Amino acid sequence: MIDTLFVRFGVGASDGVCASKATRFPQLGGVGSAVKPTRVLLIGWAVAVLAVFVGALLPVTARAEIIYDNSLTSETNYFPSAFEYGDEIGLGGIARIANVFEFEYYAELTLVTNATARIRFRLNDGPGPSGGQTPGTVIYDSGRFSIEAGYNTKSLAGFSVTVPDDFTWTVQFEGLAETIGSRAGLLFYNPPTIGESFNDFWLDGLLGWSLAQANGGYPKANFSARLYATQDISIRLSAPVRSSAGLNQLQLSGPVGRTCLILVSSDLVTWHALSRLTFTAPALTYTDPRNNLPGQYYQAALIPDDPITVTADGAGPNGAQLETSGPGGFPFALQASTDLKTWVNVATNTFTTRPVSLSDTNAASSGRRFYRVVVAP
């Protein structure tokens with residue numbers, strides 16, 4: 001982790017120094033069917049532990065998040081229709097780059113062999129009565145895909161589309177007569193466990209888009225679906241400007257909730273960590289507290305979610321015993337120093353299973369020994 005832990009030790013004791021929603025349309029009648037720092041102590045010799053990234057920063061990968069989930073409780077009914085129809089949903093979570101969508105349907109196909117379905121994501125920007133808005137602009141279209149008889153869960157992947165906090169997903173079944181043995185429909189599920197949905201759905205009928213419910217309001221008019229998304233993890237950094245107090249100010253934008261490291265250089269060769277900054281909003285201002293320093297260059301990079309930690313487990317027959325954890329799959333080196341200037345490799349490994357146990361057989365003969373973990377990009 002960029003946050004550095006420095007701990008001094010003496011034999012037998014230790015002292016730590018840690019350098020509401022838009023208007024809905026009237027109901028249209030029944031439509032329905034069935035690190036933090038850790039103090040450590042070694043006896044026998046003095047040890048200090050640092051957990052740091054050295055050199056280039058690690059690449060940061062986006063993590064998948066479920067931002068809508070209504071797949072837990074079935075209401076045992078489904079809604080067969082030849083019209084395009086679907087559910088307006090409100091999303092949870094913070095990720096908004098959708099890339100996997102799952103839904104459930106039931107199909108009777110004893111009389112047909114070439115039925116298809118098509119999923120669309122629509123913005124709620126279409127014209128509607130009384131100033132309201134209906135499903136409009138298509139932001140994702142799966143294209144036609146074959147469907148199978150019986151109960152099915154369909155997963156769509158391989159796409160990437162930025163979705164708003166509220167949009168409508170729809171299905172259109174084709175190649176069916178809408179009679180027994182030739183029909184298909186979405187399954188009713190309720191309630192959503194992530195996100196939200198009203199007790200109605202959109203249907204593009206003969207008169208255009210309108211809201212509908214199941215007969216008598218039951219089952220609740222929400223359909224089984226699950227949506228996965230990742231977060232935009234890019235950081236944008238503007239050129240610094242000088243404040244009235246003579247300090248350099250930077251404008252940064254990045255993913256809310258993530259932390260970045262701000263680095264500074266005077267020659268574009270040697271970079272020094274200046275500050276850590278957590279995005280409490282999509283755009284932030286950072287002020288370099290050092291006064292009147294011309295010719296400064298800045299860069300910012302996200303810190304990986306998995307911090308590097310190093311702990312000393314004590315003295316053993318094989319020397320100093322240490323454990324380290326870090327970003328999964330990355331190679332690393334445990335390095336040691338007696339003066340915090342010259343570092344040598346003690347051991348190399350990869351963060352597969354974590355934590356990783358390590359030992360330094362030369363620790364007992366070194367008097368005072370400092371350790372750090374170096375993770376290669």
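The values are calculated or read from the model by the stated rules, or taken from the named source; none is laboratory data. Given the structure is predicted, the values throughout are model-derived calculations rather than measurements. Note that each Cβ is placed from the backbone with ideal geometry, even for glycine, and that neighbours are counted across all protein chains shown.
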message: Tell me whether segment 116-124 contains one or more residues that are in contact with a strand residue (DSSP E or B) (Cβ under 8 Å, 6 or more places away or on another chain) and among the hydroxyl-bearing types (Ser, Thr, Tyr).
response: yes
Out of Asn215, Asn190, Asn199, sole residue that is touching a Pro at 6+ places or on another chain (Cβ under 8 Å), in the same structural domain as Asn114 (by TED's automatic domain parsing) and not β-branched (Val, Ile, Thr): Asn190
- request: Could you check how many residues of segment 342-377 are modelled with pLDDT of 85 or more, outside any strand (DSSP E or B) and under 17 Å from Thr311 (Cβ atoms)?
  value: 1
- line: Restricting segment 314-341 to residues that are touching a Leu at 6+ places or on another chain (Cβ under 7 Å) and either among the β-branched types (Val, Ile, Thr) or at pLDDT below 85 (or both), the one nearest to Val356 (Cα to Cα) turns out to be Thr324
- prompt: Looking only at residues in segment 238-252 that are at pLDDT 85 or above and surrounded by 17 or more Cβ atoms within 10 Å (Cβ to Cβ), which one is nearest to Phe121 (Cα to Cα)?
  reply: Leu252
message: Step by step: first the residues of segment 163-214, then only those that are farther than 14 Å from Tyr85 by Cα, assigned to a strand (DSSP E or B) and of a type in the set (Ser, Thr, Tyr), then the one that is modelled with the lowest pLDDT. Which residue is that?
response: Thr179
- prompt: When residues of segment 111-124 are filtered for being of a type outside the set (Gly, Ala, Ser), out of contact with any Leu (no Cβ under 8 Å at 6 or more places or on another chain) and modelled with pLDDT of 95 or more, how many remain?
  reply: 7
message: Just the residues that are of a type in the set (S, T, N, Q) and out of contact with any strand residue (DSSP E or B) (no Cβ under 7 Å at 6 or more places or on another chain), please, taken from segment 240-262.
response: Ser244
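Just a yes or no: is a residue in segment 149-162 buried (at least 18 other Cβ atoms within 10 Å of the Cβ) and in contact with a strand residue (DSSP E or B) (Cβ under 8 Å, 6 or more places away or on another chain)? Walk me through how you get there before you give the answer.
Taking segment 149-162 and keeping what is buried (at least 18 other Cβ atoms within 10 Å of the Cβ), we get none.
The answer is no, given that none of the residues of segment 149-162 is buried (at least 18 other Cβ atoms within 10 Å of the Cβ) and in contact with a strand residue (DSSP E or B) (Cβ under 8 Å, 6 or more places away or on another chain).
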- prompt: Can you spot a residue in segment 221-234 that is at pLDDT 80 or above and loosely packed, with under 13 Cβ neighbours inside 10 Å?
  reply: no
- prompt: Out of segment 68-100, which residues are surrounded by fewer than 23 Cβ atoms within 10 Å (Cβ to Cβ) and in a strand (DSSP E or B)?
  reply: Asp69, Ser74, Glu75, Thr76, Asn77, Pro80, Glu84, Gly90, Ile97, Asn99, Val100
message: Condition check: aliphatic (A, V, I, L, M) and farther than 30 Å from Asn70 by Cβ. Does Leu302 satisfy that?
response: yes
